[in-house]
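J.: The following block contains the structure, expressed as structure tokens.
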Amino acid sequence: MEKLKETLAGAGYEPVEVSVPGDRPVLECDVKRFSFRNYTWLAPLVFTWGGIDLDLRLVGQGSPLWQRSYTGKDDNSFSFSDAANRSMEQILEQFGRDVASDEFFRACCQQPVAATPDALTPNALGEQQHLSREREE
């Protein structure tokens, strides 16, 4: 999840963890598949392949505002770490393009926010967190 946060920050958003449900959109992730296999008959050369499938969605007030499915795969590595990292890098590249889009910005940051004391008070302790983005129009 740290790499997802870094990708969001790179697109100009301020990702923060949510500890108390609020009125701001929340990014949720469902890992559908995390599967890698090895061929060890040629040891010490160990061929590794596999991939990752996950769904990311931005949820606001109980309903999805934005959703995408991502797949990353690696078919030719010599270690689990390399295969898993390459697969995740593919997903992060796709996700980075999507979060830089106007569609994601509208879903994230152009939703009406209810005027509650929590929404109006800066939270230095990070108890209620959200995504926000400064956008030049």
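The values are calculated or read from the model by the stated rules, or taken from the named source; none is laboratory data. A quick note: this is a predicted structure, and the numbers were derived from the prediction, not measured. As a convention, Cβ positions derive from the backbone with ideal geometry for all residues, glycine included, and neighbour counts pool all protein chains shown.
J.: Any chance region 58-66 includes a residue that's part of a strand (DSSP E or B), in contact with a Gly (Cβ under 7 Å, 6 or more places away or on another chain), under 30 Å from Gln110 (Cα atoms) and polar (S, T, N, Q)? Steps first, please.
T.: Step one: list which residues in region 58-66 are part of a strand (DSSP E or B), which gives 58-60, 63-66.
Pick out the ones that are also in contact with a Gly (Cβ under 7 Å, 6 or more places away or on another chain) and you get none.
Taking every residue of region 58-66 in turn, none turns out to be part of a strand (DSSP E or B), in contact with a Gly (Cβ under 7 Å, 6 or more places away or on another chain), under 30 Å from Gln110 (Cα atoms) and polar (S, T, N, Q).
J.: Taking Gly22, is it out of contact with any strand residue (DSSP E or B) (no Cβ under 9 Å at 6 or more places or on another chain) and within 19 Å of Gln110 (Cβ to Cβ)?
T.: Yes; evaluated as a whole, the condition is true for this residue.
J.: How many residues does region 73-85 hold that are in a strand (DSSP E or B) and surrounded by 14 or more Cβ atoms within 10 Å (Cβ to Cβ)?
T.: If we filter region 73-85 for residues that are in a strand (DSSP E or B), which is where we start, we get 73-77.
Next, only the ones that are surrounded by 14 or more Cβ atoms within 10 Å (Cβ to Cβ) stay: 73-74, 77.
The qualifying residues number 3.
J.: For region 9-25, enumerate the residues that are part of a loop (DSSP other than H, G, I, E, B) and either of a type outside the set (Val, Ile, Thr) or exposed (fewer than 11 other Cβ atoms within 10 Å of the Cβ) (or both). Before you say what the answer is, go through the steps one by one.
T.: Within region 9-25, the first condition is being part of a loop (DSSP other than H, G, I, E, B), and the residues that meet it are 11-12, 14-25.
Passing the criteria: Ala11, Gly12, Glu14, Pro15, Glu17, Ser19, Val20, Pro21, Gly22, Asp23, Arg24, Pro25.
J.: Among the residues of region 78-91, is any in contact with a helix residue (DSSP H, G or I) (Cβ under 8 Å, 6 or more places away or on another chain), closer than 15 Å to Glu28 by Cβ and not small (Gly, Ala, Ser)?
T.: We begin by selecting, within region 78-91, every residue in contact with a helix residue (DSSP H, G or I) (Cβ under 8 Å, 6 or more places away or on another chain); these are 88.
So of that shortlist, the ones also closer than 15 Å to Glu28 by Cβ come out as none.
Checking region 78-91: not a single residue is in contact with a helix residue (DSSP H, G or I) (Cβ under 8 Å, 6 or more places away or on another chain), closer than 15 Å to Glu28 by Cβ and not small (Gly, Ala, Ser).
J.: Please work out which one of (1) more than 19 Å from Val16 (Cα to Cα); (2) in contact with a helix residue (DSSP H, G or I) (Cβ under 8 Å, 6 or more places away or on another chain); (3) modelled with pLDDT of 95 or more is the condition Asn38 fails and give its number.
T.: So the condition that Asn38 fails would be (3).
To keep it simple, each residue is scored yes or no on (1) exposed (fewer than 13 other Cβ atoms within 10 Å of the Cβ); (2) within 30 Å of Asp23 (Cβ to Cβ); (3) basic (Lys, Arg); (4) modelled with pLDDT of 95 or more.
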{"residue": "Ser87", "(1), (2), (3), (4)": "no, no, no, yes"}
{"residue": "Phe95", "(1), (2), (3), (4)": "no, yes, no, yes"}
{"residue": "Cys109", "(1), (2), (3), (4)": "no, yes, no, no"}
{"residue": "Val113", "(1), (2), (3), (4)": "no, yes, no, no"}
{"residue": "Pro117", "(1), (2), (3), (4)": "yes, yes, no, no"}
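J.: Could you please find all residues in region 26-72 being of a type outside the set (A, V, I, L, M, F, W, C), surrounded by 14 or more Cβ atoms within 10 Å (Cβ to Cβ), at negative phi and more than 17 Å from the chain's Cα centre (by Cα)?
T.: Asn38, Thr48
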